[in-house]
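Taking it in order: structure first as structure tokens, then the write-up.
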Amino acid sequence: MFYRLISRNLLIARLTFIMAGAWLFMSSLAQAQSIPQMEGVYAAFLSNSQVPTAMANSNVDGMQVLEPWNVVEAQEGVFDWTAIDSVVAEAASYGKKISLGIQAGYETPSWVYADGAQAFPFVWDKSTTTTPAICSVQNIPVPWDPVFLSKWQTFVAALGARYAEQIGIVPQIHVCHASGGAHRVE
């Protein structure tokens, strides 16, 4: 009798767990479907002079915008959204979307390290016109450092709050701790 009671309780617990899991899955699926999907052709790595041409092109659905964290928040808690807001407004005027990338990594603000975040050096192994020189030594925060994580989470929350109402224009935001470009979500 005791064995049957335990087996029955285990069965009920398992069924409850399965039903709760199914409910969570279905509710997350419904929520995910309400977010605009990124589809189409996106222009990337444009200079400022190329943006109007790309936006006017009917074959281009949007553009990728990459901004370094140390530019957007040069001082802790002081945000300069000017460059991003400008591109978002321009995209809206053309009916385009933005894939926004914010990079930490070697573009982490110096005040994060001054507040105690641990860094480790690495040798930059590639070079473009917008990255450090090849074979230069760069610092990047230790990804699991609690000071870095706290500062980064605060920034990501501010970023999300800033652009939450513009999900039709900015349906995708990459927040990257990568040593490479924000197009590589790591």
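Throughout, read-outs are computed from the coordinates displayed, never taken from laboratory work. Bear in mind the structure is a predicted one, so any value in this text is a computation, not a measurement. Neighbour counts run over all protein chains shown; Cβ positions are idealised from the backbone, glycine included.
Details
- Residue ID - farthest from Phe148 (Cα to Cα), chosen from residues in the stretch 82-103 that are outside any helix (DSSP H, G or I) and touching a strand residue (DSSP E or B) at 6+ places or on another chain (Cβ under 8 Å): Lys96
- Of the residues examined, Glu90 is one that is over 20 Å from the mean Cα position of the chain (by Cα) and within 28 Å of Ala56 (Cα to Cα).
- Scanning the stretch 116-131 for residues that are under 24 Å from Leu149 (Cα atoms) and assigned to a loop (DSSP other than H, G, I, E, B) yields Gly116, Ala117, Gln118, Trp124, Thr131.
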